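One structure is given below, encoded as structure tokens.
The values are calculated or read from the model by the stated rules, or taken from the named source; none is laboratory data. Note that this is a predicted model, so its numbers are computed, not measured. As a convention, Cβ positions derive from the backbone with ideal geometry for all residues, glycine included, and neighbour counts pool all protein chains shown.
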Amino acid sequence: MSLVKSISGIRGTIGGRVGEGLNPVDIVRFTAAYATQRAAMIPDNKTIVVGRDARISGEMVDMLVCGTLIGMGYHVVNIGLATTPTTELAVTGEKAAGGIILTASHNPKQWNALKLLNQDGEFLTDKEGKQVLDIAQREDFCFAQVDELGTVSHKDYLPYHVQKVLDLPLVDRHAIEQADFTVAIDCVNSVGGLAIPAILKALGVKKIVELNTEPTGHFAHNPEPIPQNLTQISEKMKEGGMDVGFVVDPDVDRLAIIQEDGEMFGEEYTLVSVADYVLSHTPGNTVSNLSSTRALRDITLKHGMQYSAAAVGEVNVVAQMRRVNAVIGGEGNGGVIYPACHSGRDALVGIALFLSLLAHKKMKVSQLRQTYPNYFISKNRIDLSEGMDVDKVLQRVQEAFKHEQVDTRDGVKIDFADGWVHLRKSNTEPIIRVYSEAHTLEHAEELAKRVMDMVTE
């Protein structure tokens, strides 16, 4: 059984002893700690939004979280089965003090989590997250007296979310409808099965081939939208007759695209293509994290704008986007952040902008992919032996490559002329993640091996 406490919330496998798995006692403790932190930050606002994905454990966790918030004197707006971006939008829609998303994102079905939002519908800052962890550790919270108990109301925020996307000036519903696309979708038996057909129909897409759209929580395959898990929709696309395929993770903040020939468009290129479309209409800067493809930088420079990188993590990307006034940004895992809608990863926004791009380009998805710089990322790991000093290891790597461009904001990233290698310590496992990128997979692997050999020698 696993329980992982971090600044962005608490996640773990369902069951187990207190402090070992995600069980009712820990769910109540961390929910109460979050409510206490919110009360200290915004004492006059007693509303919190709760939304969840379709995990088997979701109903149990939902009851515990809502009951605890009521016991802390909060009015709960329970939006039920909802995507992560829908919940984020509901927080600002309700002018709430915050929100809790019950989802373990791309983790398997035995996992669940409490993801914590601030009053802007964005993930807590590092400081705020640490405050919640400290309150939970000390159990420094006080429940409401009987006359001060909170209440709960139920709302469906999906129509609101869909309308927000339709209202974006760059979403060209007319062009999408005229293109008469046939779209295949794989929603991995979670809330994407509700949200993705809804946004496609609202965009004027009449022909939708649905895979795994019933939100049962019994995931048809490993829910992380990476190539090895997407064989079902890939084979379906190869049957022909479909223009594009979309795959989302259980909470619908990541978007993978499948070409008409069944090949992967590439999760890194979801953001690249959408950014290309946005920049062609809206001058501005872009941001992604340090482990994302150089292709976004190349596309940004082609449009005469500036690219910058942030430490890994959505909250870091959003902060950097604000610093440089970015018009589009996100993460290379298929996460598109478009501030014109809201500052969170949103697959519905990604789909609407991508289909607008595709309708304007009047080309096949595979042809569109060929218009972008070609990069390949290799993802590796170094298992840490007992007693290994990770900071010293990373310092040694930094020193060895001091004549290259080195970034130490999040581990060590070495930028070579023909590629890069990024080493960072995992927050959840005793490993160092080693990502590398070059114009061929072979060269990306060579760069990674060159650095990894230095670490393990």
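For the range 67-87, how many residues are in contact with a helix residue (DSSP H, G or I) (Cβ under 9 Å, 6 or more places away or on another chain) and farther than 17 Å from GLY193 by Cα?
11
For the range 117-135, what are the residues that are among the hydrophobic types (A, V, I, L, M, F, W, C) and either under 24 Å from THR86 (Cβ atoms) or surrounded by 22 or more Cβ atoms within 10 Å (Cβ to Cβ) (or both)?
Passing the criteria: LEU117, PHE123, LEU124, VAL132.
How about the range 135-227: which strands (runs of 3 or more DSSP E) wholly inside it have at least 1 residues that are assigned by TED's automatic domain parsing to the domain that holds THR84?
Passing ranges, in order: 152-154.
Scan the range 33-57 for residues that are buried (at least 22 other Cβ atoms within 10 Å of the Cβ) and either of a type in the set (Gly, Ala, Ser) or outside the structural domain of ASN118 (by TED's automatic domain parsing) (or both) and report the count.
4
Out of curiosity, is ARG424 at pLDDT below 95, part of a strand (DSSP E or B) and of a type in the set (Lys, Arg)?
Numbers: at pLDDT below 95: yes; part of a strand (DSSP E or B): yes; of a type in the set (Lys, Arg): yes.
Against the criterion (at pLDDT below 95, part of a strand (DSSP E or B) and of a type in the set (Lys, Arg)), ARG424 qualifies.
Cβ contacts < 6 Å: first residue of a type in the set (Lys, Arg), restricted to the range 8-35; second residue assigned to a loop (DSSP other than H, G, I, E, B) and surrounded by 21 or more Cβ atoms within 10 Å (Cβ to Cβ), any location; separation 6+ or different chain. Result?
ARG11/ALA104
Working only within the range 72-116, note down all residues that are crowded, with 22+ Cβ neighbours inside 10 Å, without any contact (Cβ under 8 Å) to a residue 60 or more places away in the chain and outside any helix (DSSP H, G or I).
Across the range 72-116, the qualifying residues are ALA96, ALA97, GLY99, LEU102.
Which condition number does VAL287 fail, the rest of (1) part of a loop (DSSP other than H, G, I, E, B); (2) under 27 Å from VAL434 (Cβ atoms) being met?
Result: VAL287 fails condition (1) only.
So in the range 387-418, with the set limited to residues that are assigned to a strand (DSSP E or B) and either in contact (Cβ under 8 Å) with a residue 60 or more places away in the chain or more than 20 Å from HIS443 (Cβ to Cβ) (or both), which one is farthest from the chain's Cα centre (by Cα)? Show your work before the answer.
Step one: list which residues in the range 387-418 are assigned to a strand (DSSP E or B), which gives 405-407, 412-416.
Narrowing the set further to residues that are either in contact (Cβ under 8 Å) with a residue 60 or more places away in the chain or more than 20 Å from HIS443 (Cβ to Cβ) (or both) leaves 407, 413.
Numbers: ASP407: 23, LYS413: 22 Å.
Top of the filtered list is ASP407.
Could you list, in sequence order, the residues of the range 257-283 that are β-branched (Val, Ile, Thr) and either in contact with a Lys or Arg (Cβ under 7 Å, 6 or more places away or on another chain) or within 16 Å of GLY335 (Cβ to Cβ) (or both)? Can you show your working first?
To start, the set of residues in the range 257-283 that are β-branched (Val, Ile, Thr) comprises 257-258, 270, 272, 274, 278, 282.
Scanning the range 257-283 gives ILE257, THR270, VAL272, VAL274, VAL278.
So TYR307 clears everything in (1) modelled with pLDDT under 95; (2) over 11 Å from GLY334 (Cα atoms); (3) buried (at least 18 other Cβ atoms within 10 Å of the Cβ) except one condition, right? Which one?
All conditions are met except number (1).
Within the range 442-457, identify whether any single residue is without any contact (Cβ under 8 Å) to a residue 24 or more places away in the chain and in a loop (DSSP other than H, G, I, E, B), and answer yes or no.
So far as the range 442-457 goes, yes, one or more of its residues are without any contact (Cβ under 8 Å) to a residue 24 or more places away in the chain and in a loop (DSSP other than H, G, I, E, B).
Restricting the search to the range 75-108, which residues are touching a Phe, Trp or Tyr at 6+ places or on another chain (Cβ under 8 Å) and modelled with pLDDT under 95?
Answer for the range 75-108, where residues must be touching a Phe, Trp or Tyr at 6+ places or on another chain (Cβ under 8 Å) and modelled with pLDDT under 95: ALA104, PRO108.
Any residue at all in the range 164-184 that's closer than 30 Å to THR13 by Cα and either among the small types (Gly, Ala, Ser) or in contact with a Lys or Arg (Cβ under 9 Å, 6 or more places away or on another chain) (or both)?
Narrowing the range 164-184 to residues closer than 30 Å to THR13 by Cα: none.
Within the range 164-184 (the criterion being closer than 30 Å to THR13 by Cα and either among the small types (Gly, Ala, Ser) or in contact with a Lys or Arg (Cβ under 9 Å, 6 or more places away or on another chain) (or both)), the answer is no, since none of the residues qualifies.
I need the full set of residues from the range 210-243 which are touching a Leu at 6+ places or on another chain (Cβ under 9 Å), crowded, with 23+ Cβ neighbours inside 10 Å and either small (Gly, Ala, Ser) or touching a residue at least 60 places away in the same chain (Cβ under 8 Å) (or both), in order please.
Correct list: PRO225 only.
Name every residue in the range 193-204 that is out of contact with any Asp or Glu (no Cβ under 8 Å at 6 or more places or on another chain) and either within 26 Å of GLU224 (Cβ to Cβ) or of a type outside the set (D, E, K, R) (or both), in order of residue number.
Of everything in the range 193-204, those that are out of contact with any Asp or Glu (no Cβ under 8 Å at 6 or more places or on another chain) and either within 26 Å of GLU224 (Cβ to Cβ) or of a type outside the set (D, E, K, R) (or both) turn out to be LEU194, ALA195, ILE196, ALA198, ILE199, LEU200, ALA202.
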